[in-house]
Amino acid sequence: MDDRGRSLACYVDRTLEVDNHPYLLLLPVDVPVELFAWNEAEDTLLDLEEEEMEAILPIARDILAEQNLTLLDTALTLTAQGELPDDQETLFLDYEGQEGEVESEEFQELGVFYHEGRRYGVYTPLDPLLFFARLNSQGQPEPLSAEEMERIGPRLEAELLNDLD
């Protein structure tokens, strides 16, 4: 659950223990979806502000419905229920990582549309989208805040790598 009361159904991919506290690595049940605006002049993608996201969400929902996908406004990320189409284009997105090196992500294009003269795209990442969470006092998973992730994230990642060895 997020602070707006939205939930995200996830599978527990792995449990980790750091400083005698249990943490979970979660994988969304449904397909993660991202919406971007195109900067046509620079041929780049732009993240959306909340108001812009709210304005185009119904259009994105209609675009995905044409492919028998249901767009859900879930916690942490948008998701879609249904079977992904096979024949969609792949988008390669390069960005600057935390240490300044260029990192790349691959996305499958699910649809493109225009709203008020601006081009938008609906995409799903091809790499799994994973979240770290901790168990609260009621035993329910809660996503880590940005501050918690900054503080404990490197140790969780190291523990995850140790588990994989």
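Using modelled backbone amide H atoms (1.01 Å from N, in-plane), which distant-in-sequence or interchain residues come within less than 5 Å of V18's amide H?
Y23
Residues with beta-carbon under 10 Å from that of W38, excluding W38: net charge, scoring Lys, Arg +1 and Asp, Glu -1?
Spelling it out: positives minus negatives among the neighbours equals -1.
For the chain, with all protein chains present and a 1.4 Å probe, just round the carbon and sulfur fraction of the accessible area to a whole percent.
Its accessible area is 46 percent carbon and sulfur atoms.
Report the full-extension gain for the segment S7 to E54: residue separation times 0.36 nm, less the Cα-Cα distance, to one decimal in nm.
15.2 nm
Residues of region 21-55 with amide nitrogen under 17 Å from the 7 Å Cα-to-Cβ point of Y114?
Taking a point 7 Å out along Cα→Cβ of Y114, the residues of region 21-55 whose backbone N falls under 17 Å are 37-43.
The values are calculated or read from the model by the stated rules, or taken from the named source; none is laboratory data. All values reported here derive from a predicted model rather than from experimental measurement. Here Cβ is always computed from backbone atoms with ideal geometry, including for glycine, and neighbour counts include all displayed protein chains. Keep in mind that these areas ignore ligands, DNA and RNA; they rest on the heavy atoms of the full protein, side chains included. Shrake-Rupley method; radii C 1.70, N 1.55, O 1.52, S 1.80 Å.
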